[in-house]
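Asker: What follows is a single structure, and I will ask about it in a moment.
Read the figures in this text as sums done on the coordinates, not as results from a lab. Everything numeric here is computed off the predicted structure, so don't read it as measured data. Ideal geometry is used to build each Cβ from the backbone, glycine not excepted, and the neighbour counts take in all protein chains shown.
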Amino acid sequence: MQQLEKRQTYRNVLQNGIVLLVTENPTVDIVAARCFFNAGSRVETKQQAGVAHLVAALITKGTINYSSQDIAERVEYTGAALGTEAAADYFLLSLKTVKSDFVDILNLAAEIIRSPVFSIEQLELERRLTLQGIKSQRERPLSVAYQHLLALMYGDHPYGFPSLGWTETVSSIHADDLIAYHQTWFRPDRMTISIAGKITPEEAIAYVQETFGDWQVVTNSGFASTQAMSFQAETVKTIQPNQQAIVMLGYPAPALSSPDYVALKLINSYLGGGLSSRLFVELREKRGLAYEVSTIYPARLEGSRFVTYIGTAPQNVKTAMDGLKAECDRLTNTPLTESELQMVKSKMLGQYALGKQTNGQIAQLLGWFEIMGLGIDRDRNYPNSIAQVTTDDIQRVAQTYFTDPAISIIGSADAIQLCDL
């Protein structure tokens, strides 16, 4: 077992391959656990886009031994919290409970993880809800612009698929597809359990061993995406009558494991991180171009994207687009000052510290580091990685990645016409 500095965190690997992380915090009578699987929507095929979302929605809706109502009543009776999520790079089941109920809720979680029953009735209900969600997204300009941008940036790679899937794919998914996804990706050798709270490592190991120790690896031939990313530095324009236009610029960006990741995260915070960010001050406060303006740089196992976007008045769409591009280009030509860099470093370090205040946050962060391939030492090393970034690093990274962007614009016909001038 491995102990981290300043926190009683231990790492243990069960014989069946499950990685167990335990962070002891005896000050609060709460235990939080995060059960990660190396899966998510990244392993979907284009023909089954949305299957991960449906698995996440249905996996708590019935097992071999419990109905959906049984599960809900058992969680509610203990005052616990239990939820699921299908992210891009992983699948997550999270739970939180008082110490006295932890074993009971952990056993329930194991039942859900290992023995779900994807009933046709529940599937049809969730399918209708998902189709309504897809329709709702198509009515939101920001969502439409973003999805068009992802298509330009990723081609047929699953990172370019909408998280809910498309109407056509969701409509054609069967219960057998959910079963195949579960059997393929829900395996002990793809699982990380991160536990934080009033629990000793010895207790946690014993509980997990009793609950999951007999779960053996069964190799299944399932589906997995092998699509390469295909970036197109092109512009897609969508006419949709709205009171504002949306402009998005997308640059290919490095994965979480890249040496450039931290520097680009600092750029993300500098350009789009809140009311004091460069884009907010320059394009909204000083020039009055933006209803909203920000940046997006998600952590990904494979290639990510750096996105800048702005919501603006239709008559300002060309000026706003040029403004976004100019601010990215500025970083390639003009280094940040030391005071600017120190300010954004302090902001990121403060946000990082605030993100580790609760047992749930601690379990989430350490489990995420593990499932994303960084290991739990990342928690100790991350602040130092931020501190070591220089102004030269910032400029070099900007020059490397801020080249020709993919562009997505959505607005009225007049706004789109202005972009052609």
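Asker: Cα convex hull of the stretch 27-68: how many Å³ per residue? Can you show the working numbers first?
Answerer: Details: hull volume 5.3 nm³, N = 42.
It comes to 126 Å³ per residue, whole-number rounded.
Asker: How high is the relative contact order of the chain, in percent, with contacts defined as C-alpha pairs under 8 Å that are six or more residues apart?
Answerer: 22 percent
Asker: Against the longest alpha carbon principal axis of the chain, how many degrees, from 0 to 90 and to the nearest 10, is the axis of helix 201-212 turned?
Answerer: Long axis of 201-212 versus the principal axis of the chain: about 80 degrees.
Asker: Kindly identify the stretch 235-419 as rounded, prolate or oblate by the Cα gyration tensor criterion: order the square roots of the eigenvalues as a ≥ b ≥ c, call it rounded if a/c is under 1.5, otherwise compare a/b with b/c, prolate if a/b is larger, else oblate.
Answerer: Since a/c reaches 1.5 and a/b is larger than b/c, the shape of the stretch 235-419 is classed as prolate.
Asker: Still on this structure, I have one more. So if each residue of separation counts as 0.36 nm, and I subtract the Cα-Cα distance between VAL28 and THR319, what length gain in nm does that give?
Answerer: Answer, rounded to one decimal: 99.4 nm.
Asker: Could I get the Rg over Rh figure for the chain? Both from C-alpha atoms, Rh via Kirkwood, rounded to two places.
Answerer: Values: Rg = 23.0 Å, Rh = 23.2 Å.
Result: Rg/Rh = 0.99.
Asker: Once phi is turned into ³J(HN,Hα) by the Karplus curve 6.51 cos²θ - 1.76 cosθ + 1.60 with θ = phi - 60°, what whole-Hz value does each residue of the stretch 24-29 show in order, with x for glycine and proline?
Answerer: 7, 9, x, 7, 10, 7
Asker: Run the dipole for the chain about the Cα centre, Lys and Arg Cβ at +1, Asp and Glu Cβ at -1, nothing else charged, and hand back the magnitude in debye, nearest 20. Could the numbers behind the result be given before it?
Answerer: Details: 36 positive and 44 negative charges, 157 e Å.
The dipole of the chain has a size of about 760 debye.
Asker: For the stretch 310-377 and the stretch 14-56, compute the distance between their C-alpha centroids and round to whole Å.
Answerer: Centre-to-centre distance over Cα atoms comes out at 25 Å.
Asker: Using 1/(1 + (r/R0)^6) with R0 = 56 angstrom and r between the beta carbons of THR391 and ASN107, what's the FRET efficiency to the nearest 0.05?
Answerer: Efficiency computed from Cβ-Cβ geometry: 0.60.
Asker: If I take every Cα pair under 8 Å that is 6 or more residues apart in the stretch 9-212, average their sequence separation and divide by the length, what percent do I get for the relative contact order?
Answerer: Details: 347 pairs, mean separation 83.0, N = 204.
Relative contact order, the stretch 9-212: 41 percent.
Asker: Compute the semi-axes of the equivalent ellipsoid of the stretch 9-212, taking the square root of 5 times each eigenvalue of the Cα gyration tensor, and list them largest first in whole Å.
Answerer: On the way: eigenvalues 206, 71, 51 Å².
Semi-axis lengths for the stretch 9-212 are 32, 19, 16 Å.
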